[in-house]
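Comments concern the structure below.
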Amino acid sequence: MPVPTTIAPMLSVRRGAAAIEFYKTAFGAEELFRISNDKGEVVARLSVQGAEFWLADESPAHLNFSPESLGGGTVRMILTVEDPDAPFDRAVAAGATAVSPVRDQHGWRQGRVVDPSGHHWEIGKPVK
């Protein structure tokens with residue numbers, strides 16, 4: 001059977017195990033796969049309602065750096081859900097920093113947070 005073509009981001013983080021717990025708490029992520037080494041560094045595949053992404057502890061030797069090391073990130077994650085207020089509020093309660101509150105703007109109901117690893121998440125849905 002052929003393997004389907006997919007694109008899934010891999011987020012570089014510090015404290016990978018803690019990041020996994022944040023995404024579970026904030027976004028209801030399900031852990032699909034995890035490997036770890038004797039130092040506690042992880043690589044994991046997560047899913048939020050079927051939308052998959054990966055994360056791994058940063059590895060400077062492989063030129064993989066977290067936003068904390070770089071002083072910011074270069075991408076934003078877009079999480080589209082039916083009720084953006086709920087995961088936004090859970091993310092802030094779990095340790096994310098609110099950048100902009102959830103509100104109707106530009107044809108979307110959306111808000112933006114920075115997670116504890118420094119990744120920006122826009123959480124929203126299109127509005128009619």
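Here Arg103 sits with roughly 110 square angstrom of accessible surface, probe radius 1.4 Å.
Neighbours of Arg34 by Cβ distance under 15 Å: Lys/Arg scored +1, Asp/Glu scored -1, total -3.
Within the same chain, aspartates and glutamates fewer than 8 places from Lys125 are excluded, and of the rest, those with a Cα less than 16 Å from its Cα are Glu82, Asp83, Asp85, Asp89, Asp104. Given R0 = 30 Å, the distance between the Cβ atoms of Asp85 and Glu30 translates into a calculated FRET efficiency of 0.90.
Using a probe radius of 1.4 angstrom, the carbon and sulfur fraction of the accessible surface of the chain is 54%. Normalised per residue, the accessible area of the stretch 11-80 is 57 Å², obtained with a 1.4 Å probe and no contribution from ligands, DNA or RNA.
Coupling constants for the stretch 29-37 follow from the phi torsions by the Karplus curve (6.51 cos²θ - 1.76 cosθ + 1.60, θ = phi - 60°), and in residue order they are 4, 9, 7, 9, 7, 8, 10, 9, 10 Hz; glycine and proline get x.
Over the residues of the stretch 21-121, compute the C-alpha Rg and express it relative to 2.2 N^0.38 Å.
On the way: Rg = 14.4 Å, N = 101, 2.2 N^0.38 = 12.7 Å.
My calculation over the Cα atoms of the stretch 21-121 gives 1.13.
Amide hydrogen proximity for Met77: with H placed 1.01 Å from N in the peptide plane, the residues at 5 or more positions away or on another chain lying under 5 Å are His120, Trp121, Glu122. Peptides 57-63, 94-100, ordered by how many other C-beta atoms sit within 10 Å of their residues on average, highest first, read 94-100, 57-63. The simple spin-label model puts a point 7 Å past each Cα toward its Cβ; for Ala93 and Asp38 those points are separated by 4.1 nm. Residue separation of Ala51 and Arg109 scaled by 0.36 nm, minus their Cα-Cα distance, works out to 19.0 nm of gained length. Our coupling estimate for the stretch 21-26, obtained by passing each phi through the Karplus curve with A = 6.51, B = -1.76, C = 1.60 and θ = phi - 60°, is 5, 4, 5, 5, 5, 6 Hz, Gly and Pro reported as x.
The values are calculated or read from the model by the stated rules, or taken from the named source; none is laboratory data. Only a predicted model underlies this, so the values are computations on that prediction, with no experimental measurement involved. Neighbour counts run over all protein chains shown; Cβ positions are idealised from the backbone, glycine included. Side chains are part of the model used for accessible areas, which takes the heavy atoms of the whole protein and leaves out ligands, DNA and RNA. Shrake-Rupley method; radii C 1.70, N 1.55, O 1.52, S 1.80 Å.
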